[in-house]
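Undergrad: If you scroll down you'll find the structure; I have some questions about it.
The values are calculated or read from the model by the stated rules, or taken from the named source; none is laboratory data. All of these numbers come straight from a predicted model, not from anything done at the bench. We place every Cβ from the backbone using ideal geometry, glycine too, and count neighbours over all the protein chains shown.
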Amino acid sequence: MEGELIRACSLQEALALKDQNAAFFAGGTGIGYKDSGICAKKLIVIPDLDGIHEISQENGAVRIGALVTFTQALAHPVVPGYLKEAIRFCGSLQKRNRATIAGNVASWRCDSYLIPTLIASGAVLCIAGKGGESQCGIDSFLADRSIYTDSLITAIIVKQDAGATGAKEDVRVLSKRFANTVESHAYLTISMGRVEETYRIGMAIKGSGIFSPDIMNWGIAWKTANVTDDMFGSEEYKRYLTKVTLESMYEELCREGGSES
Ligand SMILES: Cc1cc2nc3c(=O)[nH]c(=O)nc-3n(C[C@H](O)[C@H](O)[C@H](O)COP(=O)(O)OP(=O)(O)OC[C@H]3O[C@@H](n4cnc5c(N)ncnc54)[C@H](O)[C@@H]3O)c2cc1C
């Protein structure tokens, strides 16, 4: 890892320092990784903002502060089971101890552990930028990430599992990660969620990107997506795997929800 490490004392200072040559330093596991594509001359240590290390319940949802690590989220009783399942996709205990949930979202990797699940569950990001603080759905973030390049994700708000005490909505999310071993990069990470009667899909495809196709016409969106033929599998295999996985997830969610598939 190269670069000057700067300790920002306030949110304003952290945001003022952030430009295209700088990165926020959260767990450092993405920044320190030689293949991450992150090359920053300045590393800005995220300041100790209110709630940034905390997990709390708010209006039937769960707020996860930006510096909460995978290990802390796994150990916390209010973090929904569907998110814990995705966190376990990271097989390395050392990485879980350092990597943050927000750092994983910000890294926006095509083999992301968490983004498909967060898309499928309709997670919301709390964002602080030079223009102020706001909240946006993770799919809006996906639609135009360029707006948020120099912003800081201060927290992530996730819905509680169906049946959790005080849960506001009926939420079920299924996620699967396909890789040769738990420590290998995933060639496909895929999630489908049902929030009340709305179904959502989140997919991360190695070498291709992150997708959030609409359930009603995912086949059309999927046909135009660029899916690579590489050492992880042929394009044909990846398309087949995606199709059968989504079909089986949809059937399972419909069965549980009591509707016809
Ligand atoms: C060997 C190895 C294998 C890995 N494999 C995978 C993998 O298969 N899938 C996967 O998803 N990840 C993988 N990673 C990357 C990494 O471990 C995770 O993505 C991790 O969650 C990143 O979180 P972090 O807190 O360490 O982020 P950092 O490394 O601190 O930061 C990563 C990026 O996110 C930005 N950032 C961090 N926090 C914020 C914030 N709050 N707001 C805005 N921007 C922010 C930084 O500017 C930087 O660009 C791997 C890493 C290693 C070392």
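Undergrad: Anything in the range 56-112 that is more than 11 Å from the ligand (Cβ to nearest atom), closer than 24 Å to F232 by Cβ and free of Cβ contacts under 8 Å to residues at least 40 places away in the same chain? List them, or say none.
TA: Within the range 56-112, R88 is the sole residue that qualifies.
Undergrad: Right, next: So, in the range 18-37, how many residues would count as being surrounded by 16 or more Cβ atoms within 10 Å (Cβ to Cβ) and of a type outside the set (S, T, N, Q)?
TA: Counting residues in the range 18-37 that are surrounded by 16 or more Cβ atoms within 10 Å (Cβ to Cβ) and of a type outside the set (S, T, N, Q) gives 10.
Undergrad: Name the pairs whose Cβ atoms lie under 8 Å apart, with the first residue in the range 17-33 and farther than 13 Å from R7 by Cα, the second among the hydroxyl-bearing types (S, T, Y) and more than 6 Å from the ligand (Cβ to nearest atom), and 6 or more positions between them or separate chains?
TA: Sorted first by the residue in the range 17-33, then by its partner, the pairs are Q20/T149; G27/T69; G30/S36.
Undergrad: Moving on. Scan the range 154-170 and give yes if some residue there is of a type in the set (S, T, Y), touching an Asp or Glu at 6+ places or on another chain (Cβ under 7 Å), part of a strand (DSSP E or B) and crowded, with 22+ Cβ neighbours inside 10 Å, otherwise no.
TA: no
Table: residues versus (1) surrounded by fewer than 22 Cβ atoms within 10 Å (Cβ to Cβ); (2) over 30 Å from F25 (Cβ atoms); (3) charged (D, E, K, R); (4) modelled with pLDDT of 90 or more.
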residue	(1), (2), (3), (4)
F178	yes, yes, no, yes
I190	no, yes, no, yes
E197	yes, yes, yes, no
M203	no, no, no, yes
I210	yes, no, no, yes
T224	yes, yes, no, no
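Undergrad: While we're here: For the range 113-127, give me each residue that is within 11 Å of the ligand (Cβ to nearest atom), of a type in the set (V, I, T) and within 10 Å of the chain's Cα centre (by Cα).
TA: I115
Undergrad: When only residues in the range 133-149 that are more than 19 Å from L15 (Cα to Cα) and not aliphatic (A, V, I, L, M) count, which is surrounded by the fewest Cβ atoms within 10 Å (Cβ to Cβ)?
TA: Selected residue: D144.
Undergrad: Same structure, new question: Between residues in the range 185-208 that are over 20 Å from D161 (Cβ atoms) and outside any strand (DSSP E or B) and residues that are of a type in the set (D, E) and more than 13 Å from the ligand (Cβ to nearest atom), which pairs lie under 6 Å by C-beta distance while being six or more apart or on different chains?
TA: So the pair list comes out as G207/D230.
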